[in-house]
Every structure is written in structure tokens, then in C-alpha cells.
1. Could you tell me which of rounded, prolate or oblate describes the stretch B:87-129, using a ≥ b ≥ c as the square roots of the eigenvalues of the alpha-carbon gyration tensor, with rounded for a/c under 1.5 and, failing that, prolate when a/b is larger than b/c and oblate otherwise?
2. When DSSP beta bridges are limited to those with both residues in the stretch A:244-387, what percentage is antiparallel, rounded to the nearest 5?
3. In this model, which of A:LYS430/A:LYS483; A:LYS29/B:LYS302; A:LYS394/A:LYS485; A:LYS390/A:LYS476 are farther than 18 Å apart at the alpha-carbon?
4. Amide H to amide H under 5 Å from A:ILE203: which residues, 5+ apart in sequence or cross-chain, H placed 1.01 Å off N in plane?
5. Let me know the number of lysine pairs in the stretch B:168-293 closer than 24 Å at the Cα, not counting same-chain pairs under 8 apart.
6. Using only DSSP helix segments of four residues or longer, with each worth -39500 (n - 2.57), what per-residue ellipticity at 222 nm results for the protein assembly as shown after dividing by its residue count and rounding to 500?
7. Could you work out how far apart the two model spin labels at A:GLN112 and A:ASN462 are, taking each label as a point 7 Å from the Cα in the direction of the beta carbon, and quote it in nm?
8. Tell me, what % of the accessible area of the protein assembly as shown is carbon and sulfur with a 1.4 angstrom probe?
Amino acid sequence: LANRVEKMSENGISRPKVLTLDTMNPTVKMVEYAVRGPIVQRAVELEKELSEGIEKPFTEVIKANIGDAQAMGQQPITFFRQVLALCSYPELLNLDNTFPEDAKNRARLILQSCGGSSLGAYSPSQGIDYVRQDVANYIERRDGGVPCDPDNIYLTTGASDGITTILKLLVCGQGIDRTGVMISIPQYPLYSAALAELGAVQINYFLNEDNCWSMDIQELQRAVNEARQHCHPRALCIINPGNPTGQVQSRDCIEDVIRFAAKERLFLMADEVYQDNVYAEGCKFHSFKKVLFEMGPEYSETVELASFHSTSKCYMGECGFRGGYMEVINMDDDVKSQLTKLVSVRLCSPVPGQALMDLVVNPPQPGEPSYNCFIKERTATLSALAEKAKLTEKILNTVPGIRCNPVQGAMYSFPCITIPDKAIKEALEKGQQPDMFYCMTMLEETGICLVPGSGFGQKRINEGFVVMTILPPIDKLTILLNKVKEFHQRFTKQYS
Amino acid sequence: MTKLHCIFMQGVKKPFREVIDVAWGDAQGAGIKPLTFVRQVLAACLYPQLLDSNRLPTDVKQKARGLLSECHGGSMGSYTDLPGIPQVAREISEYIARRDGGDPPKTGNIFISPGSQWALQNILNLLVHGHGEVRSGVLTPIPCHVTTIESLHSLGGVSVPYYLSEEHGWELQMEELNRALEYAKQVCAPVALYVVNPGNPPGHVQSKKSIQDVIRFALEKRLFLLVDEVYQDCVYADNVEFVSYKKVLAEMGPPFSDTVELASFHSASKGFLGEAGLRGGYVELVNMDPDVIKYACTIFSKDTAPTPGQIALSVLANPPRLGDPSYPLYEMETQQMQTMIKANVRRVHEVLDSLPGISCQPVEGGAFAFPRVDLPPKALQKAKEMGMEPDTFYCLRLLEESGAFITPGCEYGQKEGTYHIRYTLLNDIMLMEVCAINHILINCRHF
């Protein structure tokens, strides 16, 4: 108000802005995107201060909060980058020894499938046909022959674009008929942000911490029953392997969830971007689609399902390309037409990302020149992740006041930290959630940026959760984990 | 993509071998080669091993190294923060300053997105109340490309059309804006005015005076200005110049320059770059409430622009300069394109002006010709029988006869009783001839 008054006296005219917090779309105000929220902003500020030469108790800020593998030093797959470079600048195809023949052939095939033989042309809104066909073939191979229709495949700008689009279709109604969407707690903040933006009702279902963050049908039932009193539950979102919890759902559990969705008439949204990131013994990735079809026509012909994948995670870590796809199963034909129309508003997803997705679903095969290098890189990356998952669990569980469930998959650990009462008091005085206060303090003292669990929906009294990626290189990760250990011991002592 | 395309795909009888797609503003889709410099930089960023070879000019390597050094982990594969790769944001800011004079805008007021339409939808999302009794409205031009309208509708907003004046070269007329706004107040809560300059599909370029009038109107009527300037590098007429809304706004001084809220959009999809598939666009915000900008940050941070698109924007904003090793080639390629399009524009006017029943306003800029077609009563009748708009029917016949794929005016909006067609200027001249010949044939044979 003071600013406005100032302006009035400057100009002699009263001119409040057209777009203010009061006139802004009210649903936008509800949006908080924790993964890039206040703690990350502070981390960026600290980075800037460090670069300006301001002294800190640490020499670098480590952003251990976001699933960005290559930012943490993971190397891209050579073959993928070679093909993309060739697609970008086809003159390179004429060079003799720089690129292997199979990379050149793949680049030629991809370019042929693009308008004007260029990555720079628009593709059809649903994605390049040739790529969608390859995606369909991949899904069929992955799911042991369960058929996949390329017409059900949409290439998206990362998985988040696909998820938001499907949610847009699902959200409708007023008051008690307003769409409710079930999301798992702890959750990945993209979902709550999207639901807030769409004005949908968020229905929380809690994962079972004591059973390694598995889904619990009783809990799902509780959540949906309670929700029916104030909204119309229409969708159930699952992240498998989970983010941030890393749990890999068992096949039985997935069957139970499918039965539940069928019974409660819920549209299933399966976020499967971490499908190659499975580390724990005895754990295996089961795609929702495969399980659905193996349950027979009673389910496979009725349950509506959208599953999502992306180039950002797994062993690729190519977040910057914004490549992704979704497969829609049993969607009503009229709704599908609307979906096709909705994606056309985005014109098309980034073509380099589509090209990359093609390579991901159709990588080098045994016998091809690039195969050995490819398989070596892929194996190295995935086994490094597995090693780091175990290491994280091991070190964190040696700290009194920290307990960490096994990291079965994905890219994060989600340890539970005990926060002393005095610290909780100080946090509340500062108007912060205790785990935010803990993370902020850790950031200021060590330069390590973690995301507090309250950004993920969990709320406990003297326990908080933090999300920490397992992505830094193993020696750096070891140092990091030990720093966290030291910090926690210091913090506990300071506030005892 | 359009109804026409769907009809075609269903198996219309085809006396030709392939579709000549003259429909879209897609330069590279039409066969125009990308700029070498962009693609060399992109390849080097994708596969940095190329930086060690002597295959690439030094300025390419320097640019690639600079961009990669500011990517997390030195890789294009990482997420980028808002507003984007810092170098790109700085380059865009400096580009704006060079174009408009004045100080470079703060990079905090520039948001990079996967294409300009994505940025536009994010800004609309801030402006538009899509539920409840009173929905927000945006004044949109007729004719207008359909993406923005659909984007607005998908947010629950209302589009209120204002007609561009065909008889006056498709210029924007204040009387009509006023009429539209008065009407808008009855059906919605008007909150913004959307202007496309240079236009799409009509190829008019707004005069400075017209821009001043619009700015005055926006201040007086309290409207947020959304200005789509993606074709700013596509100006062909000799006595016509593109001037940005921002520049005019700044030159008008207070109260306009520090009050009128403006979002201007640009993209790497059009102009000399034509990198539509890379999805690189940005919006510059002027005079936006700082509290609202914080929310803009949240919205934009969910979907940052893909790194290849950001690289394209880097070249758009900071192309090779005189003295750089890549400059001669860059200059030659851009000149070639400019020459070709200018020749196309001349040819379009020559051909269309000589055809009976077709008239075309001067194409001053943009990527399309948008001639008016007078259809005889027989054609109107036939179209009605087939349950089609007359210009859709015309386009379908053209497609069937010659394989030339153009789009009908009804998809962009037009005055009742008038019919138009949209051709892209980005193609080989020969295709214009094909379309022209077939137009005559159709007219003679069918109508």
C-alpha cells in the first residue's frame, strides 16, 4: 500500500495495477512448488555469495535436493549424444571416423521421420509417428508381449507435462462434485502444485513407513471414504518406484491397487519415470499396464490408466531435454479427442527430446558397434546408483536420531530425523516448520541443500523428514553423508 | 491438426503424388535449412568431444564452451534454473536493449519457456479467473491463429474478438477496439488485450502511432497488454519497420511508461532461425507487480525451456557479428532467406492480383499471405450441401486437385460472408505457381 501511495503522489494520479495479488487468478496463490521453493532460493543466494568471495563455513553449495543426475556429475550415454549431435548438424554424417556407423544410421532414420528432415520443424502434436511406434514396441517388449497401440502414445515435454494434461481432463465439477485426486504422502510436490493450480481437491493417502513405504489398501479405503464426504474422487496417482520414498511396489500390491481403483471407479495415473532405478534385492519393477492386462479382461478392458515415462531419470539423466511419453489405456474415445486437442495447444513437445526418447526405447543391440560401450555405461551408472543407495542407508542409520528406510529404488533417501524440543520451539517462533528450520540451519552451516519433508506433506511433532538425493559421485556422497551426520549430532547437542 | 487435414487423411481421391504443404508457419518443415551456426553450437554442446576437433569454427566453440560452463555439471542434460542458462538470459536482455535502446531489462523480468505459446499460457494463467460467475476476458484479434484462443479457453477464459480492418490493410482500429471492449463488459470481466505484431495470419505491421493508441487505450481502460511479437524479424515491405511495444511505451514516458503492464513474447520458432521443434521462447514482463512476479516464478519454474531451445534463443539474441569467423556464412544464409521470402511476397501479389475473385492486402511482414476469395453462389451451395464452411470446401477442392494444402479463413475467424485462405510464404516460389494454376482450374471447372 505504501508503494501505491508513493506512486500516487509521484504522478498525481491513482493507478493501481491491473494485475495484483488481489486480482490474480486465485488458484495460482495456492501453488507452492517445494522442490524449487524457499530453501532452494536461499541455496542459490548462497552460491552467489560464494562466487562473490564472501566467506562461508563451506566452499560449495551442494544441491542434494533435486533429481538432476548430470548436475551431480553423472555422465550422459555416449551413443545418445552422438546421435543427437548428428541429428542437429547432419554435415557431421560426412565425417569418417568421428562417429560409429550405427549412430549415423540412427540419426538418418530419425531425421527422415522429421518434417523437412530437421529437428527444427514442428512435429505433429501427439509426437513423431516413427518415435511413437518405437515407444509402443518398447512397451510391448517390456511387458512380455502385452500389445501396445501407438495411437495411445503421446510424446510429452517431460513426464510432468503429461501428468498435468491428464489432470486437466479429470478436473471438473463444483462443490461436493469437485474432482478429488488421491496422491501418496510423502509425495512429489509437482502433484500438489498441479492440483492447486487446477483447483482440484487433494486427497492424501499415507504410505506405510513401517513397511518400507508400501501402499496400504486399508489406508486407500480410509482416504477415499473420507474424501467422498466433500468431493468426488476421480483419480488415483501412484509413483512407482516412489519419489521421495524410493519404494518399489510388489506385484501383489499393484494388483490390489488395480482392484481398488476398479471398485472405487478411479482413473489410475502411474508415474513410472524411475522404472530402471531398482536396487534392492528381491525388488522388481512391474508396470501397471502389464499387471492390469495379466489380471484379465474384467480389469484390462475397463480400468482407465495413464502411465508416464521420461528421459530425465533412470540411467539417462537427461532432464534438460524435456523428453517424455504417456500411454493412455481404456480412455473414452471422445475424451481422447479432447486430449489430442489439448496437447495441440502446446504445439508439440521438443523434438530433440522426442529423438532422445526414441533412442532410450530402442537402444543399441548386441552385435551393433555401439553396444559394448552403451551397455558398459548403462551398467556402470545403474550399479553406482545401487551402491550409493546402500551406502546412504548404511551411514544414515549409524546416526542416533536418524533412521532411514532402505532405498529400494528411484534417486532419493527419505530419512526420518528426530528434532529436539528446543529446536522445534525456535522453529515455530520463526514461523517455520521444524524440518524446514533444520534444513535451513544445515544449509547455512554446511552448504548442503536438502528439502524438508513438510514440503512433501508429512507432518509429525518431534520428527521430521528430509529428502536427499543419492546422486553425487560416491566419494563426494560419502563426505556429504558424514557432514550430515556431524551436523545432526551438533544440532542435537546444541538444542538439547 | 485441422479438420481439413483430418478429412484429407480419411482418403480423399488423389490425382497427385504428394501433398504440398503450404499451410504452416514452419520454415524447416517446408524444407528451409537451419542456420549453420545454430546447429554447430548445438552439436558441440550435445557432444563436447567435438570441441577438441578442428571441425568447428572458433566462435562456435567459444559460444558452446560458454554455455556449457553455465550449465549444472557442465552438461545440457541438467535442469536449468529460472530464468534459464544465465548466459542466455543475459543475451536476451542485451538483445532487447540493442533493439529498443535504454537499459537492459533485469533478467528477473525475463522468463524462458518451451515456446512463446507456453509462456503466454502461463501469463494467462495469472490473469484469468476461469471459474465462478464472472470469468475473465481477453480481447483477441480476428483473424487470429487458433492456438492462443484455445489456450485461453482451456483456462476457462473468454475470448472477445475485435475485427482487424481488411480494407485498411488489416490494421487495428481504435473504434473497433472500443466497441469490442464495451461488448466484453457485458459478457465477462475484461482483463487483457492480445495483439499480434507483425500479424498472423494477416501480414500487417503496426505503425508506431497505432501502437501508441493501443497503449493509451490500455492505460485508460485498465487492460494488461499481451503482445505477441514472434515475427519481429519478418518484415518485408520497404517503407515499413517493426518497432516493439516496449520501445514505444518507454518513449511515451510517464504515466504510460511506468504504469502500463506489458508482456511481450518472442521465440526462436520464427524469423531466420525457424527452430520451431527446439521449443525456445521467452516473455519479457514490464511494470508487473513484484508480488505477482514471485508467483510467475513458481509457475514458470515447473516447466523450464529445454536446453536445445535455450541454445537457439542464445543465437537469436546474440548472433555472429562482423569480424566473427562464422559471420560471413551467417550473413549469407540470412540474406538468402530474406531474399527468397521477399521474392515470394512479390510473386504472391503478382499472382494473386491477376487471378479473378482473389484479392490480397499488402503483406508487410509475418509468414503468411491471407487473401480473400470471392466464392460464387454455386460453390456456397455445394459447401452447404456437404456441411462445410465454403472456404474449407475451397481448400479441400484445391487439395484434391493439386495436393496443395492450405488452410481456410474460417479457422482464424473472419467477417461474416467473407472467405479467406492462408498460404505460407516460406516455400519455394514454384509452389505458389502450382497453387495459382490450380485455383484457376478449380474456378473454371467447378464454379
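1. prolate
2. Working: 6 of 10 bridges.
Of all bridge pairs located within the stretch A:244-387, approximately 60 percent are antiparallel.
3. Numbers: A:LYS430/A:LYS483 25 Å; A:LYS29/B:LYS302 15 Å; A:LYS394/A:LYS485 12 Å; A:LYS390/A:LYS476 15 Å.
Pairs exceeding the cut-off: A:LYS430/A:LYS483.
4. Amide H neighbours of A:ILE203, under 5 Å, 5+ apart: A:VAL181, A:MET182, A:ILE183.
5. 12
6. When only DSSP H runs of four or more count, the value is -13500 deg cm²/dmol.
7. My value for the distance between the label points is 6.9 nm.
8. Carbon plus sulfur share of accessible area: 51 percent.
The values are calculated or read from the model by the stated rules, or taken from the named source; none is laboratory data. Because the structure is a prediction, the values reported are computed rather than measured. Heads up, the Cβs are rebuilt from the backbone with ideal geometry, glycines too, and the neighbour counts pull from every protein chain shown. We work out accessible area using only protein heavy atoms, side chains counted, and drop any ligands, DNA or RNA first. Shrake-Rupley method; radii C 1.70, N 1.55, O 1.52, S 1.80 Å.
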